[in-house]
Amino acid sequence: MSALFPEADNSTVAAADRSQVFHSWSAQAALNPLPIAGGSGSRVWDHDGRSYLDFSSQLVNTNIGHQHPAVVAAIQEQAGRLATIAPSQANQARARAAELILERAPEGFAKVFFTNGGADANENAIRMARLTTGRDKVISRYRSYHGNTGAAIVATGDWRRLPNEYARGHVHVFGPYLYRSEFWAETPEQESERALRHLERVIQCEGPDSVAAILLETIPGTAGILMPPPGYLSGVRALCDRYGIVLILDEVMAGFGRAGEWFALDAFDVRPDLITFAKGVNSGYVPLGGVIISEAIAAAFDERVFPGGLTYSGHPLATASAVASITAMADEDIIGNARRIGADHLRPGLEALQQRHEVIGEVRGTGVFWALELVTDRAGRTPVSASTMAALKAALLARGLLPFTADNRLHVVPPCVVTAAEVAEGLEIIDAALDALDAA
Ligand code: PLP
């Protein structure tokens, strides 16, 4: 402990937080945030010595785990050399981060524009699409989250859009989600074909000449880890080509290892025009996001001014941590670990839990990106109540597991470095918590 941060216990930290810190997405009076003092790998601990298996990866961003030594060292080294520099200067850490990101992007991508996080990455991707097409509208999905700034929150499909609807030119469609199909579909193929038909009809009804971009999460994350059915993403690409629309894939949550690939799109037959990223690029050790820009869109701004910018675009501490993080992920085969953990441990383990617990209506996902859809009856697929979810969350925390829950779902999203033994431990805790729920 230091002079700046003297020894503290949970109650002191919680009390200081409650009196002075204003929290996201919350009515402030009801809050009781868990104080976290430290972490390592897939675990965090509080100030009173209690440790938790982090099956949330915080906000699904600590892909490389907590306190990876190489990433911490890179931040310290860069801080010692040059802690900040304006975006208009050239900087070695920034250029190297762009190079490493482009090496992993699909062919045909030329430049990286760095932002502070995912929302402003989407904001700037939308700006690029509007400027290069001369069109205004952005089509995105109801079941999606794209961030909490002007256009990004209106591109978001879920309830968080409604109190923030100030930006214009946004249109929403239903995407494929077979478990709760909007299209009366019974197979993934039907769901894919009908969702594409619906999307094309919306494009036609909105006026194709007014649509600048289709913005999709490659795998919608917070909305439920909705795996795209066969042909959907390539079908969207074909529609974009037919109508001259820019395809933006939001890889903020799904990218950098979460789906067992560098980019989730690598597992699908689709090439977007713009890719947005944040979270896993450096596991959020320092805030960072960005837009990966295709050759054609990058070239459109060779002579024309790009009217966008941020004081901290390509911040050296953030980009140095991305360089270290991507390098460590490659050297330690962390992406491969996420893929194997998903195929060999999480999928079979979660499916076994589904056999034991009637409440699990569906298990879906890939890599370290899984959702359990919790229902009161499997036939009717009725979502469990908010109070059931609160009880489950409390039961998991009481057993030492930090969960990620959304609506009626438990998302099983540990860091990409999670071990088979930690998965077994986590699944045992989930099993016991569901038993406790059944018994209540
Ligand atoms: N896009 C997706 C898919 C996300 O999941 C998120 C955050 O959860 C964002 C964008 C916004 O990122 P940020 O909170 O860094 O602005």
LYS111 - accessible surface, heavy atoms, 1.4 Å probe, Å² rounded to 10: 110 Å²
Computed label-point distance, nm, for sites GLU332 and HIS357 using a 7 Å Cα→Cβ extension: 2.9 nm
Pop a pseudo-label 7 angstrom from the Cα along the beta-carbon direction at both LEU4 and LEU59 and give the gap in nm to one decimal. 2.2 nm
Over the range 70-331, what is the percentage of antiparallel beta bridges among all DSSP beta bridges, to the nearest 5? 40 percent
Can you give the helix-only mean residue ellipticity at 222 nm for the chain, where every DSSP H stretch with n ≥ 4 adds -39500 (n - 2.57) and the sum goes over all residues, rounded to the nearest 500 deg cm²/dmol? -11500 deg cm²/dmol
What stretch of the chain, leaving out the sites themselves, is the longest with no chymotrypsin sites (Phe, Trp or Tyr not before Pro) in a DSSP loop having at most 13 other Cβ atoms within 10 Å? 185-440
What part of the accessible area of the range 70-331, given as a whole %, is carbon or sulfur when the probe is 1.4 angstrom? 52 percent
Integer Hz, Karplus 6.51/-1.76/1.60 couplings in order for the range 281-287, x for Gly and Pro: 4, 9, 6, x, 4, 9, x
Taking 0.36 nm per residue of sequence separation and subtracting the Cα-Cα distance, how much length would be gained by fully extending the chain between ALA83 and ALA386, in nm to one decimal? 104.7 nm
Could you sort ARG18, ARG201 by accessible area so the largest value comes first, with the probe set to 1.4 Å? ARG201, ARG18
With both partners inside the chain, how many of the DSSP beta bridges are antiparallel, as a percent to the nearest 5? 65 percent
Rel. contact order, % - alpha carbon contacts under 8 angstrom, at least six apart, the range 262-386: 15 percent
Length gain on complete extension for the stretch SER181 to ALA424, per 0.36 nm per residue less the alpha carbon to alpha carbon distance? 84.2 nm
P(r) of the chain over all Cα-Cα pairs, binned every 10 Å from zero, in whole percent: 4, 20, 31, 28, 14, 3, 0
Could you name the aspartates and glutamates whose alpha carbon sits less than 12 Å from that of LYS279, not counting residues in the same chain fewer than 8 places away? ASP250, GLU251
Starting from 0.36 nm per residue, how many nanometres of slack lie between SER40 and SER210 once their C-alpha separation is accounted for? 56.3 nm
Decide, for the range 168-275, between rounded, prolate and oblate: order the square roots of the alpha carbon gyration tensor eigenvalues as a ≥ b ≥ c, take rounded if a/c falls under 1.5, and otherwise choose prolate if a/b is larger than b/c, else oblate. oblate
DSSP loop (so not H, G, I, E, B), at most 14 other Cβ within 10 Å: list which GluC sites (Glu not before Pro) in the range 247-322 pass both filters. GLU303
Across ALA352, ALA371, ALA264, the residue with the highest GNM fluctuation in the chain (Cα network, 10 Å cutoff) is ALA352
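The values are calculated or read from the model by the stated rules, or taken from the named source; none is laboratory data. Fair warning: this is a prediction, and the values are worked out from it, not measured in the lab. All Cβ positions, glycine included, derive from the backbone under ideal geometry; neighbour counts span all protein chains shown. Just the protein is used for accessible areas: all its heavy atoms, side chains included, with ligands, DNA and RNA removed. Shrake-Rupley method; radii C 1.70, N 1.55, O 1.52, S 1.80 Å.
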